[in-house]
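The structure appears below as C-alpha cells.
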C-alpha cells in the first residue's frame, strides 16, 4: 500500500531484500524546503510546524498511521509512535547559527564554520534581514548590515541548494537530512518511534525528557541517531552510510555489534566510523537516567557546519535502506 | 493586607501598575545579614537555617502563607509553594570561596576572583579563622595564618558591606541579592514556587531533584532564575533589571518572548542581555528530564565574584517589580 | 558464620572493634583475576559475567544472601541488595584503554598514561591480539602489530601482576581493587546495596539509572564510592584509606563530617584528601535527579592509569575495614 511519490518501492510488498530507494525531483524539493527553514537551537518551532503539517498530509500514504505526540509538555519536539515500538529514531531539528549581541557582534549557536562574506538570514521587529558575516583580527564574528539588528535575533546561513548528479550540497544537511531520513523511514515503518529533538547543536536539553517518555511509556531501550557525520581518514563519500562505533561517547559494544550483524547478514553497504571527538543526541541518551543503548547511523558529509555541506546521494539511499532494515531487525 | 516593613506598597491593593519598591535601612540590614552568612557550595545548611527562621517569622505578613518543604529528601534546599503555582523562581543560596588543601594551599570553590591580601573567614576544629589570601608566581592560591588550618575547611570573603546613596557593595551579592529578591517577591506572591537551591557556583547538583519535585508534584514547566549577572558592553548599572536572552545555554525563544511582551506591556524598565559564556540554575533545568522553560532575570553587577560586588539600588527595585509582574503574567 | 578463605575475621562475631583483614595468596589470586579481565568502558559484560559467577559461588558464605539484580534493564551493571539498605557502595567495573581507529591509529578510552612499547591486548574477528603501543611526534597513539586490527577493537594493557611484601602492583587496580573491596565487604554486610557500574572512566552513563533504581525502590540517599585515588602532596602510601573531602565535585559537608565522626570514634586509620581535579561515580550521583549524599573512600595509588598502578597492602586492608564500619554506622 505504500505509494508515496518521494520514494518508490521496487518490489511492492518487499521481502527481506532492500527496496530500491529513488531520489528524484520531489525528494529534492522536500529536502530543500527542510534546509530553508530557519530553526537554530532554541527556535525549532518553525520546523515543528512544518513537520506537523507534512505528517498530517502524508500519513495517509504510510503503512502504519502513527500516534502523533506534541504540545507544551514536549516544548518544540514531536514524537511519532508506530505500532509496538522496540527502537526509537532520534533526528534533531535544530541547526547551528549566530545570535546578535551588542554593537554588531555575533555569538555562535553551536559551532558554525563559515568564511567572511557568508550571507546570513533572520528576522527582527523591523523585518527580514539578509546581512553579511565578518570577522575581526581576533576572529570574533560580526554582521555588516544597513541597520542595527535587535538583540537576541538569530541568524542562519542563506541557503544555496545544489542538486548535481551525485551530490546534494546545502547548508543544514546536518540535520535536515537526518529529519528527511526519518520521514522516509516513516513511510514503511511498522513498529518504532521517531523523535524529532531540539538543541542538539547547542548542548542539548530535549532528549532527556523524550527519553523519559519513550522509556516510561513504551519501555524502549534501543535508539538509532539519525544524524550526519564527517568524511574522514576512514570514511569516504559514496561508500555507504556510516555506523559509528564511537565518538566522544562510547556506546555499549554489545548493541553496536548486533547492528553490524544485522547489516552484514543483509549484505548492505556501510562504513564503520571510530572517532574521539563529536557527539550527538546519543550523548544525552547515554547520560540519561534510562538504560538506553544507542548507535549513531548516518551519511557522511564534507564541509560540516559550513554553508556548503555536501553529501553523496548514494549515501542518503544507503542510510534510508539501512534504517528500514534495522527498525525491523532490532 | 500587605504590611511588611522592608518593602512598602505605595498603592494599597495595587492594580496593574508597578508598586514602588522602597529600599530602606531595614532592607539593608536583611541583605547584609544574608551576605555575612558563610555558605559556600556544599555548606548551604547555614543559610538554610537562617531562611527557615526568617520565613517562619515573616510569613504572617505575606499575602499567601506558603507550604514550606525541606528536609533530608531535599538536602539543604528549601521549596516554598504558594497557591496554585504556574512558575518557579530559583535562587541559589551558595557562594564561591576556597577549600583548604595541604600545606597552606587553597583550592577554589566556583570561580573566586580576589586580589592578594583579601581577608578570608572560616572555622575549623581549633576555632574561628581570619586569614589572608596569597598567590605564588604560578597564580596558585595560599592562605597566610598563624597556624595550620584543618584540611577541607572552607573559607569565604570577609564581608565589607557598603550602603551608599545609589549602590550596594559587598561580597556575595551574587546570589544573596537573588535570595533577597525571592523573599521580597514572597510577600505578595499568590501563585508560584520559590526554590532555594545549592551548588550553583560549583557544578550544580540540587536543581535536578528540585525540578523533578516541582514538575511531578505541581506540573510546573516555567522557571525564572533569580540571580545576578554582569555589567557588560551592552548592560549598564542603573538601567534596570536584566532579562537574559542567552548565556552559555539558549532558552526557548518562545518563552523569552512571552516575558518580554509582558514587561513591555507594563512599561517596566529592563535591559536585554546576550552572552556566550556563563550559566546559572537555568542550565540544569535545560538539561533535566523535565520540559522546563526558563529565563535568567536579575540585576547586573560590577566586579563579579570579587569581594567588592556592586549593584545599583534602582536595579534591585527593578528586579523585584519585574518578578512581581512576571509571576502574575506568566 | 563468616567463613570465607579470602578474609579472616579474627574475632568471630566481632563487636565494635575492627576485624583484622588478612591479605593472603587466595586474595591475591582473586585480585589478579579481576585485573586480567578485559573490560574497558562499553565492554563491561566480561567482568559482569565473572562477577555473577563469583557471587553465585561465594554468597553461601556471606552473612546475608543478597538479592542479585541484573539484566538488559541494567545493561552490564549488577546490583546486590542486602537486608534493609541505607547506603549504597558504587564500584565501577570498567577500565581505561584504547580503541583501534583507521590505519594503525589508537584513540584513548578514558585517560590512559603509558610509555611507548607498552604491550596491549585485545581480540578481533581474526583472533587474539598482543601488540605494542607507539606515539608519533605529536603524541598521537598507534599500535605496532603484524596485521591490521578491526576498526573499533578495544585494547587494554597486558597485565604484569606483582605481589611483594608491602605492595600490589598491576594495571587496573583502578578499579578492580574497588570491585574487590566491595566483594570483601559483601561477606559480612547486613544492610546495604552494592552497585557495580559502567563507563566511569569515559564520561559515565550507568550511575543515573542505578541511582534512580536505588532511590526509587529502596529510598536510599547515601553512597560511598569504592574507587582508587592518588598518592599526592597530602596523601601517602601505607598511611590508610583515603576519605576524599572533595575533588572536581564537592559533596555535602554535613555527610562527609558524619563519615569522619564515625571513623574517628572507631579510631581507624585514614587520610583526608582535598583535590580540585578528578571525579568518580560520585559526580553522576551529585548531578542525578535524586538527592544523593556521597563520599569517595578508597586506597591511594602511585602511577595512576599506567600499566604499573601500585597500592600498599595495608591501605587495602584499611579500606575494607573502614567500609565495614561505615556500612554499619551510616
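Quick note: the coordinates plus some simple rules give every number you see, no bench work behind them. Treat the numbers as computed from the prediction; the structure is a model and nothing was measured. Neighbour counts are summed over all protein chains in view; Cβ atoms, including those assigned to glycine, are modelled from backbone coordinates with ideal geometry.
Remark: spin-label model distance residue B:29-residue A:191 equals 7.1 nm, labels positioned 7 Å along the Cα→Cβ axis.
Can you compute the label reach from residue C:158? Point 7 Å from Cα along the Cβ direction, backbone N cut-off under 20 Å, restricted to the stretch C:33-63. Within reach of a label on residue C:158: C:33-40. Rounded to the nearest 10 degrees, the inclination of helix C:207-218 to the longest alpha-carbon principal axis of chain C is 20 degrees.
R0 = 51 Å: FRET efficiency of residue B:103 with residue A:72, Cβ-based, nearest 0.05? Efficiency for this residue pair is about 0.40.
By the helix-only formula, in which each DSSP H run with n ≥ 4 contributes -39500 (n - 2.57) and the sum is divided by residues, the protein assembly as shown has a 222 nm mean residue ellipticity of -8500 deg cm²/dmol.
Taking A:215, A:312, A:92 in turn, the Gaussian network model of chain A (Cα-Cα springs below 10 Å) assigns the largest fluctuation to A:215. Under a Gaussian network description of chain B, with springs only between Cα atoms under 10 Å, the residue in B:138, B:236, B:44 that fluctuates furthest is B:138. Here is how far apart the residue C:150 label points are across copies: 5.6, 5.6 nm, shortest first, using a point 7 Å from Cα toward Cβ.
Its residue count N fixes a reference of 2.2 N^0.38 Å for the stretch A:66-149, and the Cα radius of gyration divided by that reference is 1.56. Across all directions, the average flat footprint of the convex hull enclosing the Cα atoms of the stretch C:161-307 is 9.3 nm². Extending 7 Å from Cα along the Cβ direction at residue A:218 and again at residue B:61 yields two label points whose distance is 5.5 nm. For the rotational copy pair A/C, the chain A residue whose Cβ lies nearest the symmetry axis, together with its distance in Å, is A:289, 4. Residue A:46 label point (Cα plus 7 Å toward Cβ) to equivalent points in the other copies: 5.1, 5.1 nm, shortest first. Cβ-to-Cβ counts within 10 Å put B:28, A:319 in ascending order as B:28, A:319, the fewest first.
Considering only the Cα atoms of the stretch C:264-330, their convex hull presents on average a projected area of 5.9 nm². Taking label points 7 Å from Cα along the Cα-to-Cβ direction, residue C:45 and residue A:128 give a separation of 5.5 nm. How large is log10 I(q)/I(0) at q = 0.23, 0.31, 0.32 Å⁻¹ when the Debye formula is applied to the Cα atoms of the stretch C:233-282, each weighted equally and without solvent? Here the Debye-derived log intensity ratios amount to -0.93, -1.22, -1.23.
The angle between the Cα long axis of helix B:25-36 and the main principal axis of chain B comes to about 50°, on a 0 to 90 degree scale. Each semi-axis of the equivalent ellipsoid for the stretch B:202-255 is √(5λ) with λ an eigenvalue of the Cα gyration tensor; in descending order they amount to 27, 14, 11 Å. Semi-axes of the equivalent ellipsoid for chain B, computed as √(5λ) from the eigenvalues of its C-alpha gyration tensor and ordered from largest down, come to 32, 21, 20 Å. Once C-alpha pairs closer than 8 Å and six or more residues apart are averaged by separation and normalised to the residue number of chain A, the relative contact order reads 21 percent. Sorted from greatest to least, the principal axis extents spanned by the alpha carbons of the stretch B:20-90 come out as 37, 33, 21 Å. Scattering from the C-alpha atoms of the protein assembly as shown alone, worked out with Debye: what is log10 I(q)/I(0) at q = 0.06, 0.09 1/Å? Reported log10 I(q)/I(0), two decimals: -0.47, -1.08. Taking Cα atoms only, the orientation of helix A:173-186 departs from the longest principal axis of chain A by about 30 degrees.
Reported to the nearest whole Å, the Cα centre-to-centre distance from the stretch B:74-101 to the stretch B:261-323 is 16. The share of alpha-carbon pairs in the stretch C:136-216 lying farther apart than 15 Å comes to 76%. Reducing the stretch B:102-156 and the stretch A:164-215 to their Cα centroids gives an inter-centroid distance of 51 Å.
Between this copy and the others, label points of residue C:72 are 3.8, 3.8 nm apart in ascending order, each placed 7 angstrom from Cα in the Cβ direction.
The order of B:191, B:136, going from fewest to most other C-beta atoms within 10 Å of their C-beta, is B:136, B:191.
For chain C, a Gaussian network of Cα nodes joined below 10 Å ranks C:285, C:107, C:128 by mean-square fluctuation, and the top entry is C:128.
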